[in-house]
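So the structure is just underneath, and the comments pick up after that.
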Amino acid sequence: MTIKITLPDGSEKNFEQGVSAMDIARSISEGLARNVLTASVNGEVWDATRPIYADATVQLMTWNDPEGKLGFWHSSAHLMAEALEALYPGIKFGIGPPIEAGFYYDVDTGDRVISSDDFKRIEDKMIELARQKNQYIRSEVSKADAIKYFEQKGDQYKLELLEGLEDGEITFYQQGQFVDLCRGPHISDTGKIKAIKILKVAGAYWRGDENRKQLTRLYGISFPKQKELTEYLTMLEEAKKRDHRKLGSELGLFMFSERVGAGLPIWLPKGTALRNRLMNFLREEQIKRGYQEVITPHIGKKELYVTSGHYAKYGEDSFQPIHTPKEGEEFLLKPMNCPHHCEIFAHRPKSYKDLPVRLAEFGTVYRYEQSGELHGLSRVRGFTQDDAHIFCTQEQVKAEFLNVLDLTKYVLKKMGFNHFTAQISLRDPDNPDKYLGTDENWEIAERAIIEAVAETGMETRTVLGEAAFYGPKLDFMIRDALNRQWQLGTIQVDYNLPRRFALEYTGSDNAAHQPVMIHRAPFGSMERFISILIEHTGGKFPLWLTPDQYALLPMNDDLIAHCEDIQAQLAALDIRGLIDKRTESIGRKIRDTELKKIPLMLIVGEKERRSGLVSVRKQGAGDQGTMSLEGFVQYFGELLNQE
RNA sequence: GCCAGUAUAGCUCAGUUGGCCAGAGCAGCUGAUUUGUAAUCAGCGGGUCGGGGGUUCGAAUCCCUCUACUGGCUCCA
């Protein structure tokens with residue numbers, strides 16, 4: 001009997017019943033068959049070797065398809081498990097899925113410890129097993145048999161996983177000596193896995209529950225070609241070179257001190273200059289868009305946060321209250337700015353004619369983060385949000401969203417981030433009770449967000465159930481120069497705080513109404529944003545932003561005075577830079593300036609002084625020739641305009 | 001907070017199984033050199049080997065503990 005197979009290009013072919021995707025690939029070309037990893041059959045991803053018994057639409061998945069990679073890495077996880085079982089007899093297995101880049105397996109090693117010293121032998125064992133070209137064999141098993149198998153093996157984790165599975169949907173996969181409970185799909189055989197690297201080892205709670213046993217999680221990555229592994233490792237090296245903690249220290253942007261405290265960044269002069277420039281840039285844009293800037297204290301009475309509800313929810317996991325010595329009053333370090341801003345809104349009666357009120361503040365907040373969470377500038381205990389709260393009517397939500405979206409897009413583009421998407425988080429339709437605010441208001445807000453984003457033409461992703469209990473939100477996701485994805489700014493609608501603070505305005509009907517509150521922060525926090533910006537640019541900041549725009553390099557000490565004269569002329573034009581006054585060779589001065597990633601170098605020798613010229617060199621691009629100072633200013637202006 | 005690891009000069013790193021005053025390169029300082037597009041030469045100073053405790057005749061090295069950092073997990077208003 002023959003069945004009809006439809007391929008993605010629309011072509012149809014007849015095959016014997018029981019044909020596999022691999023057979024189909026082979027009928028097209030041997031080369032294709034070698035590259036096929038998995039296959040989508042009627043939209044479901046299958047083993048390429050699994051027989052097809054009915055008419056189907058089949059898409060062959062190779063390394064170029066995300067589904068192909070996932071199958072490949074999933075199979076690699078099984079291969080790692082097989083190697084581990086061989087090296088550590090009696091080891092127990094949790095789960096071992098593919099991830100965005102590679103795979104991991106959670107294992108219980110009993111008394112033994114696996115550390116990075118063991119990676120090499122695990123890799124070697126995996127390669128040895130891979131070379132056996134063992135097939136991944138799928139089999140359907142009854143629940144009873146599955147339980148029996150893992151009881152015999154003594155693997156309580158697999159038994160626990162089986163509890164959640166229905167009889168009839170349970171499949172095993174076996175390759176070589178290793179059998180695993182697995183839904184699949186897998187690649188045809190281990191021989192396709194040519195290059196393997198174990199990357200890291202970490203603790204991971206069983207089923208993500210911190211009250212349960214912590215297993216050992218081994219991360220690895222694998223490729224069909226050695227060359228691809230080498231490229232991947234090179235990319236990791238590049239990321240390491242751009243690490244904001246390393247560059248931040250090298251460029252003198254910020255520091256940490258054990259004595260000041262973990263997670264409390266200290267901004268050095270150059271970092272402060274950069275950060276202030278960034279803030280001023282946003283500040284000016286906000287004023288253009290109708291924001292008013294405010295300043296509120298770094299602490300607030302505990303009652304403020306009791307009112308806002310934050311104390312009940314986060315009080316225990318916050319820095320504990322500060323007490324006044326005599327009165328026994330309790331103050332909290334402010335973990336967010338919104339309660340203060342609510343007080344500002346409530347300060348004077350508001351009319352509908354006052355709305356929207358947009359209050360912006362570069363507000364420094366302090367949050368307790370668990371010690372193991374801290375990470376450079378991206379996860380800290382004290383940071384400054386580019387915060388603002390918009391108080392508006394329900395009808396104004398969409399226009400306000402558009403305003404914020406426009407601002408955020410403008411700001412990110414200026415910063416050199418050209419790939420970003422919006423992630424919209426909406427209510428969980430199955431769980432309407434956990435949300436605050438009326439159905440009708442949610443409806444309006446959600447629709448406003450969706451429509452506003454649609455109008456900007458941004459790429460969007462909508463996730464149901466990810467909204468906060470107090471309102472829907474939108475997060476900006478950006479891709480950096482190394483194609484890594486980060487979450488940046490956020491816009492959140494809030495129905496909770498206006499209610500808790502009993503905020504109101506008088507409408508045109510002369511009745512009191514509750515305003516809607518929108519939280520928004522285009523950068524998120526200055527610290528986190530700058531950490532991403534450092535890694536995105538590799539420390540080569542845009543000209544307008546960088547702490548030193550040029551370095552004047554005198555050929556000899558007699559030219560320093562002349563350089564100071566040039567520096568003063570440029571400073572008058574808001575062009576900032578430094579003079580390398582060291583008695584060093586010009587080669588050395590150039591090299592050091594290049595390494596400091598200062599964008600422009602002005603080399604001044606006797607020749608230039610006599611002719612009133614400067615020799616211009618661009619960081620990373622070499623000699624740009626000589627020009628007059630006016631010529632340089634113009635050149636500089638052109639570079640600025642290009643940004 | 002949990003698991004695993006790391007901590008030697010300002011930076012990057014050496015320091016064999018515990019054993020002479022703990023080393024190098026770069027940076028710094030001093031002197032000479034006054035330089036033409038990515039490192040001029042020479043000399044010098046600099047470390048309570050993260051803090052504390054212990055084992056030992058003897059500890060950078062072994063053990064305990066604290067702190068910080070790294071990679072994850074959990075968390076993230």
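The values are calculated or read from the model by the stated rules, or taken from the named source; none is laboratory data. Keep in mind it's a predicted model, so treat the numbers as computed, not measured. Backbone-built Cβ (ideal geometry, glycine too); neighbour counts: all protein chains shown. Ligands, DNA and RNA are excluded from the accessible area calculation, which covers all protein heavy atoms including side chains. Shrake-Rupley method; radii C 1.70, N 1.55, O 1.52, S 1.80 Å.
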What are the residue pairs meeting all of these: first residue in the stretch A:596-623, first residue farther than 20 Å from A:Leu543 by Cβ, second residue aliphatic (A, V, I, L, M) and part of a loop (DSSP other than H, G, I, E, B), Cβ atoms under 6 Å, and 6 or more apart or on different chains?
A:Gly605/A:Met555
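Whether any residue in the stretch A:286-293 is at pLDDT 95 or above, in a helix (DSSP H, G or I) and crowded, with 19+ Cβ neighbours inside 10 Å is what I want to check.
Of all residues in the stretch A:286-293, those at pLDDT 95 or above come to A:286-293.
Within this subset, residues satisfying the condition of being in a helix (DSSP H, G or I) are A:286-288.
Remaining after also requiring crowded, with 19+ Cβ neighbours inside 10 Å: A:286.
Yes: the stretch A:286-293 contains one or more residues that are at pLDDT 95 or above, in a helix (DSSP H, G or I) and crowded, with 19+ Cβ neighbours inside 10 Å.
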Scope the stretch A:584-623; condition more than 8 Å from RNA strand B (Cβ to nearest atom), more than 16 Å from A:Gln549 (Cα to Cα) and in a strand (DSSP E or B); matching residues
A:Leu613
Which residue is nearest to RNA strand B (Cβ to nearest atom), if the candidates are limited to the stretch A:302-323 and must be hydrophobic (A, V, I, L, M, F, W, C) and touching a residue at least 12 places away in the same chain (Cβ under 8 Å)?
A:Phe319
Return only the number of the condition from (1) in contact (Cβ under 8 Å) with a residue 40 or more places away in the chain; (2) closer than 28 Å to A:Gln135 by Cα that A:Trp206 does not satisfy.
(2)
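Of all residues in the stretch A:92-118, which are of a type outside the set (Gly, Ala, Ser) and more than 24 Å from A:His186 (Cα to Cα)?
Within the stretch A:92-118, A:Thr109, A:Asp111, A:Arg112, A:Val113, A:Ile114, A:Asp117, A:Asp118 qualify.
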Residues satisfying the stated conditions in the stretch A:199-222, i.e. near RNA strand B (Cβ under 6 Å from one of its atoms) and either of a type in the set (Phe, Trp, Tyr) or touching a helix residue (DSSP H, G or I) at 6+ places or on another chain (Cβ under 7 Å) (or both)
A:Val201, A:Tyr205
Strands (runs of 3 or more DSSP E) wholly inside the stretch A:130-207 that include at least 3 residues being open to solvent by less than 50 Å² (accessible area, probe 1.4 Å)
A:171-175, A:178-181, A:195-205
Restricting the stretch A:350-361 to residues that are more than 16 Å from RNA strand B (Cβ to nearest atom) and either under 20 Å from the mean Cα position of the chain (by Cα) or not aliphatic (A, V, I, L, M) (or both), the one surrounded by the fewest Cβ atoms within 10 Å (Cβ to Cβ) turns out to be A:Lys353
Can you name the number of the only condition in (1) open to solvent by 30 Å² or more (accessible area, probe 1.4 Å); (2) within 13 Å of RNA strand B (Cβ to nearest atom) that A:Cys563 fails?
(1)
From the residues in the stretch A:362-408 that are open to solvent by less than 50 Å² (accessible area, probe 1.4 Å) and near RNA strand B (Cβ under 8 Å from one of its atoms), which one is farthest from A:Tyr314 (Cα to Cα)?
A:Gly376
Condition first: more than 8 Å from RNA strand B (Cβ to nearest atom), crowded, with 17+ Cβ neighbours inside 10 Å and among the hydrophobic types (A, V, I, L, M, F, W, C). Now tell me which residues in the stretch A:250-267 satisfy that.
A:Leu251, A:Leu253, A:Phe254, A:Trp267
